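Chemist: Here it is: the structure, laid out below.
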Amino acid sequence: MIPIRDAAAREYAAIAHELNDIETQGLLRRPETIEGPIGPRVRINGKEVLLLCTNDYLGLANHPAVKQAAREALERDGAGAGASRLVSGTLSIHKELERALANLKKTESALVFGSGYLANIGAVSTLCGPGDTIYSDRLNHASIIDACRLSRARIRIFPHRDTGQLRKTLKKSRAAGRKMIVTDGVFSMDGDIAPLPELADLADEFGTLLMVDDAHATGVLGKDWSGTSAYFSLNGVDVQMGTLSKALGSYGAFIAGPNQLIELLINRARSFIYTTALPPASAAAALAALKILKDEPDFPRRLWQNADTLKTGLRASGFSVGSSETFIIPLIVGDARTCVAMATALLKEGVFAQAIRPPSVPEGSSRLRIVPSALHETADMELAVQAFERAGKKCGII
Ligand code: PMP
């Protein structure tokens, strides 16, 4: 072991104490090591298990054409982009990808960021600052919460999907400055969908911008699988964020919108300006995934079918799956320790589904976040339901 400096020993004792506290509450996280590739099944500790918790919804992370595109970009452009996009890092593959993303989202432009976390930080803190007000759904993703805090704008949290309450808050507001409503499109831990038409009406009525984080909708929801706006046939979303890391099987993210928005982000978004550009292989992989989405719409269809089979089976077995309207299926357990026990029992039954606990979800709502992929077979879903039933009975959940 590397010795700790005497001067730091007291701090490390405090850190050990903090870790102990986290463990006592049943909240300690230790990532499971899986033997890849990511797919419908993976190996954990040498044993093959059904994988039901990735965001690789369409199974494109390991698709031959996606990997081939990444390999070619690696050979052509190298392993890294070399610098920030504004210094020397913009490659033609970035531009090509941005054109394809703007095309998918039916916007004038798009700008690729290093990750969804960075895209949210960049967009929110560029558009809103001190003196402005952000209206944010209570269950928005942590990267939006952090983006709001970093912006130093006034933050008004509204109850989850409660447009009535949001209306009252907007009506009462006398604040000057820019206003922006921000919401997940598909909520990452609950699988329900934002009431986008009502939010767009409120944005019109009260003169606010509307931003949607479509990390979990891009590639899997709406016409052309373009996302939540397309699902509602809506044009009223001003700022559309999406990730390349989920349905598109790669890494990175983007903001899509009018030319002026993209131009402003290039000039002001610190998480775009002061960080190295997306590696070319990741950009090429996402571009290949977009092509597959266009040519083979059966991928998302299979995802939705698997989700239906799984949800129906889980409900029939007596589990609560919350208000899920999509392929993100929260099996609500409540207590954090019981949730971990359930995940452990499930792994013994040959299914890997992660226990999600506070602070990722509100206190008392720990859950297994279950997600099938387009590559699972119907028989896998049936096997999974049986495994959930056995584990659920063992843990006293059903
Ligand atoms: N927004 C939402 C709704 C997410 O679920 C995530 C990732 N889990 C992100 C943003 C961040 O995306 P990334 O993983 O690309 O940083």
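Each value in this text was obtained by applying a stated rule to the coordinates, not by laboratory testing. The shown structure was predicted, so the numbers you read here are calculated from the model rather than taken from an experiment. Neighbour counts run over all protein chains shown; Cβ positions are idealised from the backbone, glycine included.
Chemist: If I go through the stretch 344-358 residue by residue, how many of them are out of contact with any Cys (no Cβ under 8 Å at 6 or more places or on another chain) and without any contact (Cβ under 8 Å) to a residue 24 or more places away in the chain?
Modeler: So the answer is 1.
Chemist: Considering the stretch 331-385 alone, what residues qualify as being in a loop (DSSP other than H, G, I, E, B) and under 26 Å from residue 249 (Cβ atoms)?
Modeler: Answer for the stretch 331-385, where residues must be in a loop (DSSP other than H, G, I, E, B) and under 26 Å from residue 249 (Cβ atoms): 350, 353, 354, 360, 361, 371, 372, 373, 374, 375, 376, 377.
Chemist: Please go through the stretch 222-238 and pick out each residue that is within 13 Å of the ligand (Cβ to nearest atom) and of a type outside the set (Ser, Thr, Tyr).
Modeler: 227, the sole residue that qualifies.
Chemist: Check whether at least one residue in the stretch 190-197 is among the charged types (D, E, K, R), within 24 Å of the chain's Cα centre (by Cα) and closer than 18 Å to residue 255 by Cα, and report yes or no.
Modeler: Initially, the stretch 190-197 is screened for residues among the charged types (D, E, K, R), giving 190, 192.
The next check asks that each one be within 24 Å of the chain's Cα centre (by Cα); those that pass are 190, 192.
From what's left, closer than 18 Å to residue 255 by Cα: none.
No, every residue in the stretch 190-197 fails to be among the charged types (D, E, K, R), within 24 Å of the chain's Cα centre (by Cα) and closer than 18 Å to residue 255 by Cα.
Chemist: When the residues of the stretch 374-391 are filtered to those that are buried (at least 22 other Cβ atoms within 10 Å of the Cβ) and among the small types (Gly, Ala, Ser), which remaining residue is farthest from residue 297 (Cα to Cα)?
Modeler: That would be 391.
Chemist: Please note which strands (runs of 3 or more DSSP E) are completely contained in the stretch 185-298 and include at least 2 residues that are within 20 Å of residue 145 (Cα to Cα) and out of contact with any Gly (no Cβ under 8 Å at 6 or more places or on another chain).
Modeler: 209-213
Chemist: Can you give me the ranges of the strands (runs of 3 or more DSSP E) entirely in the stretch 61-158 with at least 1 residues that are within 16 Å of the ligand (Cβ to nearest atom), in contact (Cβ under 8 Å) with a residue 60 or more places away in the chain and within 23 Å of the chain's Cα centre (by Cα)?
Modeler: Per the criteria, 109-113.
Chemist: Only residues that are among the small types (Gly, Ala, Ser) and away from the ligand (no atom under 16 Å from the Cβ): list them for the stretch 159-188, please.
Modeler: Passing the criteria: 164, 173, 175, 176, 177.
Chemist: Among (1) surrounded by fewer than 24 Cβ atoms within 10 Å (Cβ to Cβ); (2) closer than 30 Å to residue 52 by Cβ; (3) away from the ligand (no atom under 16 Å from the Cβ); (4) in contact (Cβ under 8 Å) with a residue 40 or more places away in the chain, there is one condition residue 311 misses while meeting the rest; what is its number?
Modeler: (4)
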